[in-house]
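Only one structure is covered here, and it is reproduced in the block below.
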Amino acid sequence: QLQASGGGLVQAGDPLRLSCAASGGSLTLYAVGWFRQAPGKEREFVAAITRSPDVTNYADSVKGRFTISRDNAKNTVYLQMNSLKPEDTAVYSCAATRQGRYYGGDLGTYDYWGQGTQVTVSS
């Protein structure tokens, strides 16, 4: 089971760190992705990280501002979001795939999804 947390209301330019914690099993061999969905829009890929050795991938819209990382000892994947913009406002969800070397954004490849956390960026 995956649980995303860390969302909140911030101002443009502020940082925020999201966490994706797993319970009932280890994330070590899974690739994990972050996705977001804004009101009235499709869910979109944000970032992904493979199992060790880590390979990361980012959507162009967040490249250079967001960093995905994982702490296997804590069974948690993080999304550090810097220089937030109002257009980053969305519900952010994490997902895991048994394809441990996958770092893409295809929704159907991900096997497990957590509940989302709301991120709101005010201008």
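Within the range 85-123, which residues are of a type in the set (S, T, N, Q) and more than 11 Å from the chain's Cα centre (by Cα)?
Answer for the range 85-123, where residues must be of a type in the set (S, T, N, Q) and more than 11 Å from the chain's Cα centre (by Cα): T89, T97, Q99, T109, Q115, Q118, T120, S122, S123.
Look at R65 and say whether it is of a type in the set (K, R) and crowded, with 18+ Cβ neighbours inside 10 Å.
So R65 fails the test.
Got at least one residue in the range 13-24 being within 14 Å of Y112 (Cβ to Cβ), open to solvent by 20 Å² or more (accessible area, probe 1.4 Å) and in a loop (DSSP other than H, G, I, E, B)?
Yes, the range 13-24 contains at least one residue that is within 14 Å of Y112 (Cβ to Cβ), open to solvent by 20 Å² or more (accessible area, probe 1.4 Å) and in a loop (DSSP other than H, G, I, E, B).
Based on what the data block shows, is A38 small (G, A, S) and closer than 20 Å to L107 by Cβ?
On the way: small (G, A, S): yes; closer than 20 Å to L107 by Cβ: yes.
When the stated conditions are applied, A38 passes them.
If you go through the range 57-72, how many residues are assigned to a loop (DSSP other than H, G, I, E, B) and hydrophobic (A, V, I, L, M, F, W, C)?
2
Counting just the residues of the range 73-116 that are open to solvent by 60 Å² or more (accessible area, probe 1.4 Å) and assigned to a helix (DSSP H, G or I), which one comes out nearest to R43 (Cα to Cα)?
Among those that are open to solvent by 60 Å² or more (accessible area, probe 1.4 Å) and assigned to a helix (DSSP H, G or I), it is L107.
Take S83 and decide whether it is touching a strand residue (DSSP E or B) at 6+ places or on another chain (Cβ under 8 Å) and modelled with pLDDT of 95 or more.
no
The values are calculated or read from the model by the stated rules, or taken from the named source; none is laboratory data. Since the structure is predicted, the reported quantities are computational estimates derived from the model, not experimental observations. Cβ: placed from backbone, ideal geometry, glycine included. Neighbour counts: every protein chain shown. Ligands, DNA and RNA are stripped out before the accessible areas are found, and what is left, the full protein with its side chains, is counted by its heavy atoms. Shrake-Rupley method; radii C 1.70, N 1.55, O 1.52, S 1.80 Å.
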